[in-house]
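Visitor: Have a look at the structure that comes next, please.
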Amino acid sequence: MTRLALTLFLLLSLLPCLTADKSVDRAKARFLNWDINRDGKLLLQELPPFAKKNFQRVDQNKDGSISLSEHLGFLSKQKNNSNKKEFRVLSNLPYANTPNPRQTLNLVLPAQISANKKLPLIVWIHGGGWKNGDKQSGLSPHRLTALVKTGRYIGATIAYRLSGEAQWPAQIHDCKAAIRWLRGNAEKHGIAPEKIIAWGSSAGGHLVSMLGVSHGVKELEGKIGNHTDQSSRVHAVINYYGPSALLQMDDHPSKIIHNAPDSPESQLISGPIQENRKKTKQASPLHHVSKDDSIFIHFHGTDDPLVPYHQSVIFHQALQKKGATSQLITVEKGGHSMPAIYTREKVIPFLDELFD
């Protein structure tokens, strides 16, 4: 074996160890962060809400506190169990009673579901400027599959008609029809119908935001599919850098001229947005905010080059002003994406706390 080959072999052999070390370091940092009184152990009252339910399971010696070794041991066991978990995907299920492939969804189910236990459903809606993208993006390792592997959630990733095929409000009509289909088939698939959460990025962030603020708005509900008797309401929304006020997008720096006749927003509503202000406002979540809206958590980078950070700021502020529940996670210097690790570090804890 040459010296170069030997060096490469040794480096590759060390990778699992380096990854494990980083995982342990993160676990230790979390322990120290929670250990408010710095006594080297965690009491129940020191744990965040989503972690309190595991207190008895982690406290192996039953002394009323959690040591660092108990903390690390529990996380290691959870990781091993998670790696053994599998999931299955039911693909291309039609939700609108049409043969249109853009009106289909995929269900992502844990390998084993208890017949007596209904799980919350997380619905992923893809981005792509309303003119590109595919529902398969929801199956990325750091999106729905990461949630479903915990065994605590069911996932669904939906397609919708793009702006090249149909203009607004076709996109939200499709999304609402998909939610109604999922609620109408909840019993069959082990879904808790009152615990449906919508999660999306960019144009998908816009559509999940519309789901969160437009329940009961007649012109946005549509009459698509066989489940029009079901509600299209979602319990909560995870908005990854979605537009909220289309008419204000050019008020802040961006690589896109949003007011242009060929911008993604103008293509969505089939005309320059500033010349079609009424329809553009109807397509803007900011103009539908009320105190009865879904629970919101927004994620946005301050240096987003496509959807200005200001879009999430004003939307978050408007929700709070109306008395709705809203949280904004600001990513300093962040662009038009979110770190993959946020699923584990922020999205899953948000959901766990939501349903604690």
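Visitor: Please tell me if R3 is out of contact with any helix residue (DSSP H, G or I) (no Cβ under 7 Å at 6 or more places or on another chain), at pLDDT 80 or above and exposed (fewer than 11 other Cβ atoms within 10 Å of the Cβ). Show your work before the answer.
Guide: Numbers: out of contact with any helix residue (DSSP H, G or I) (no Cβ under 7 Å at 6 or more places or on another chain): yes; at pLDDT 80 or above: no; exposed (fewer than 11 other Cβ atoms within 10 Å of the Cβ): yes.
Answer is no for this residue.
Visitor: Does at least one position in the range 313-327 carry a residue that is within 14 Å of V208 (Cβ to Cβ), in contact with a strand residue (DSSP E or B) (Cβ under 7 Å, 6 or more places away or on another chain), in contact (Cβ under 8 Å) with a residue 12 or more places away in the chain and in a loop (DSSP other than H, G, I, E, B)?
Guide: Checked the range 313-327: no residue is within 14 Å of V208 (Cβ to Cβ), in contact with a strand residue (DSSP E or B) (Cβ under 7 Å, 6 or more places away or on another chain), in contact (Cβ under 8 Å) with a residue 12 or more places away in the chain and in a loop (DSSP other than H, G, I, E, B).
Visitor: Among the numbered conditions (1) touching a residue at least 24 places away in the same chain (Cβ under 8 Å); (2) assigned by TED's automatic domain parsing to the domain that holds L207; (3) out of contact with any Gly (no Cβ under 7 Å at 6 or more places or on another chain), tell me where I125 comes up short.
Guide: Of everything listed in (1) touching a residue at least 24 places away in the same chain (Cβ under 8 Å); (2) assigned by TED's automatic domain parsing to the domain that holds L207; (3) out of contact with any Gly (no Cβ under 7 Å at 6 or more places or on another chain), I125 misses just condition (3).
Visitor: Oh, and also: Run G164 past the list (1) in contact with a strand residue (DSSP E or B) (Cβ under 6 Å, 6 or more places away or on another chain); (2) in a loop (DSSP other than H, G, I, E, B) and report the number of the one that doesn't hold.
Guide: Answer for G164: the failing condition is (1).
Visitor: Let me confirm something: among G242, G204, G225, which residue is in contact with a Ser or Thr (Cβ under 9 Å, 6 or more places away or on another chain) and surrounded by fewer than 24 Cβ atoms within 10 Å (Cβ to Cβ)? Explain how you work it out, then say what you get.
Guide: Details: G242 fails: surrounded by fewer than 24 Cβ atoms within 10 Å (Cβ to Cβ); G204 fails: surrounded by fewer than 24 Cβ atoms within 10 Å (Cβ to Cβ).
Sole residue among the options that is in contact with a Ser or Thr (Cβ under 9 Å, 6 or more places away or on another chain) and surrounded by fewer than 24 Cβ atoms within 10 Å (Cβ to Cβ): G225.
Visitor: Among the residues of the range 77-87, are any surrounded by 12 or more Cβ atoms within 10 Å (Cβ to Cβ) and modelled with pLDDT of 85 or more?
Guide: Yes, the conditions are met somewhere in the range 77-87.
Visitor: Here is a follow-up. In this structure, does L93 turn out to be modelled with pLDDT of 80 or more, under 30 Å from K223 (Cβ atoms) and surrounded by 11 or more Cβ atoms within 10 Å (Cβ to Cβ)?
Guide: Values: modelled with pLDDT of 80 or more: yes; under 30 Å from K223 (Cβ atoms): yes; surrounded by 11 or more Cβ atoms within 10 Å (Cβ to Cβ): yes.
So L93 passes the test.
Visitor: Something else: Which one of the conditions (1) within 30 Å of K149 (Cα to Cα); (2) touching a Ser or Thr at 6+ places or on another chain (Cβ under 7 Å) does D293 fail to meet, given that it meets all the rest?
Guide: Of everything listed in (1) within 30 Å of K149 (Cα to Cα); (2) touching a Ser or Thr at 6+ places or on another chain (Cβ under 7 Å), D293 misses just condition (2).
Visitor: Determine, yes or no, whether G204 is out of contact with any Leu (no Cβ under 9 Å at 6 or more places or on another chain) and assigned to a loop (DSSP other than H, G, I, E, B).
Guide: Numbers: out of contact with any Leu (no Cβ under 9 Å at 6 or more places or on another chain): yes; assigned to a loop (DSSP other than H, G, I, E, B): no.
No.
Visitor: Separate question: Looking at this structure, is I179 out of contact with any strand residue (DSSP E or B) (no Cβ under 6 Å at 6 or more places or on another chain), assigned to a helix (DSSP H, G or I), closer than 24 Å to I256 by Cβ and modelled with pLDDT of 95 or more? Quick ask: steps written out before the conclusion?
Guide: Details: out of contact with any strand residue (DSSP E or B) (no Cβ under 6 Å at 6 or more places or on another chain): yes; assigned to a helix (DSSP H, G or I): yes; closer than 24 Å to I256 by Cβ: no; modelled with pLDDT of 95 or more: yes.
Here the answer is no, as I179 does not meet what is asked.
Visitor: Which residue out of A203, A170, A192 is under 23 Å from L119 (Cβ atoms) and at pLDDT 95 or above?
Guide: On the way: A203 fails: under 23 Å from L119 (Cβ atoms); A170 fails: under 23 Å from L119 (Cβ atoms).
Among A203, A170, A192, only A192 is under 23 Å from L119 (Cβ atoms) and at pLDDT 95 or above.
Visitor: Of the residues I172, I197, which single one is β-branched (V, I, T), closer than 30 Å to G335 by Cα and part of a helix (DSSP H, G or I)?
Guide: Checking each option against the conditions leaves just I172.
Visitor: Run H173 past the list (1) surrounded by fewer than 21 Cβ atoms within 10 Å (Cβ to Cβ); (2) over 18 Å from the mean Cα position of the chain (by Cα) and report the number of the one that doesn't hold.
Guide: (1)
The values are calculated or read from the model by the stated rules, or taken from the named source; none is laboratory data. Treat the numbers as computed from the prediction; the structure is a model and nothing was measured. A quick note on method: Cβ atoms are made from the backbone with ideal geometry, for glycine too, and the neighbour counts reach across all protein chains shown.
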